[in-house]
Amino acid sequence: MIFEEYGKQLFELISDHTQLGIAVIGVDGRFLYYNRALEEMEGLETGEMLGKHVLDVFPSSDPQTSTILQCIETGKPIYDDLQTYINFKGRKVTSIVTNIPIIIKGEIKGVLEIIYNANRIKQIYESTSSLFEDEEDAGKSRAKHLKNSYYV
């Protein structure tokens, strides 16, 4: 009952409180929804995105390279595609993109795009890899100390 009555509000609540970028693009290639995480990732605002065509927003793409347009064309999902693109404001974005066709009663109505910020993943990796390096160095130090120890 809650989903039937509040589906749109629930979708917006979930998508606006996640770190995943979420967009909905209509079958005509125009943005219908664009969440806060995408605003931060791509440096664009929802107001300037809604109603714009994919190729106007991402001039570095074309109909053959746009996974959104490929998904609309084929009706097949595209999972975890590593992409680097430049938006119309000149911002370079690297992300991991999944495009899922929205099919209702056998007809393609658009695409749900889910985006992981690859730059954020890199930052997390770099900040945590030093933790593991410290553990490895500590382990080597302990091993060296044990090597010079005598056991009775």
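The values are calculated or read from the model by the stated rules, or taken from the named source; none is laboratory data. All of these numbers come straight from a predicted model, not from anything done at the bench. Counting neighbours? That spans all protein chains shown, and the Cβs are built from the backbone with ideal geometry, glycine included.
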- request: Please identify the pairs in which a residue from region 67-96 that is of a type in the set (D, E, K, R) has its Cβ atom under 8 Å from the Cβ atom of a residue that is part of a helix (DSSP H, G or I), counting only partners at least 6 apart or on another chain.
  value: D81/T67; R91/E42
task: Using the structure shown, decide if I103 is free of Cβ contacts under 8 Å to residues at least 60 places away in the same chain, touching a Lys or Arg at 6+ places or on another chain (Cβ under 9 Å) and of a type in the set (A, V, I, L, M).
output: yes
statement: Restricting region 57-76 to residues that are within 19 Å of A118 (Cβ to Cβ) and not hydroxyl-bearing (S, T, Y), the one nearest to the chain's Cα centre (by Cα) turns out to be I68
- request: Check whether at least one residue in region 54-70 is farther than 18 Å from G110 by Cα, hydrophobic (A, V, I, L, M, F, W, C) and modelled with pLDDT under 95, and report yes or no.
  value: no
field: Scan of region 44-71 for residues that are of a type outside the set (A, V, I, L, M, F, W, C), under 24 Å from L13 (Cβ atoms) and surrounded by 13 or more Cβ atoms within 10 Å (Cβ to Cβ), ordered by number
entry: T46, E48
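Taking the condition of a type in the set (F, W, Y), modelled with pLDDT of 95 or more and surrounded by 15 or more Cβ atoms within 10 Å (Cβ to Cβ), does F31 pass?
Values: of a type in the set (F, W, Y): yes; modelled with pLDDT of 95 or more: yes; surrounded by 15 or more Cβ atoms within 10 Å (Cβ to Cβ): yes.
When the stated conditions are applied, F31 passes them.
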message: Which count do you get for residues in region 1-28 that are under 16 Å from P101 (Cα atoms) and surrounded by fewer than 16 Cβ atoms within 10 Å (Cβ to Cβ)?
response: 2
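Which residue out of Y6, Y33 is over 22 Å from N119 (Cα atoms) and either over 17 Å from the mean Cα position of the chain (by Cα) or touching a residue at least 24 places away in the same chain (Cβ under 8 Å) (or both)? Reasoning before the result, please.
Details: Y33 fails: either over 17 Å from the mean Cα position of the chain (by Cα) or touching a residue at least 24 places away in the same chain (Cβ under 8 Å) (or both).
Sole residue among the options that is over 22 Å from N119 (Cα atoms) and either over 17 Å from the mean Cα position of the chain (by Cα) or touching a residue at least 24 places away in the same chain (Cβ under 8 Å) (or both): Y6.
Yes/no matrix, rows are residues, columns are (1) surrounded by 10 or more Cβ atoms within 10 Å (Cβ to Cβ); (2) at pLDDT below 95; (3) farther than 22 Å from T74 by Cα:
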{"position": "K92", "(1), (2), (3)": "yes, yes, yes"}
{"position": "N99", "(1), (2), (3)": "yes, no, no"}
{"position": "G110", "(1), (2), (3)": "yes, no, no"}
{"position": "I115", "(1), (2), (3)": "yes, no, no"}
{"position": "R142", "(1), (2), (3)": "yes, yes, yes"}
{"position": "S149", "(1), (2), (3)": "no, yes, yes"}
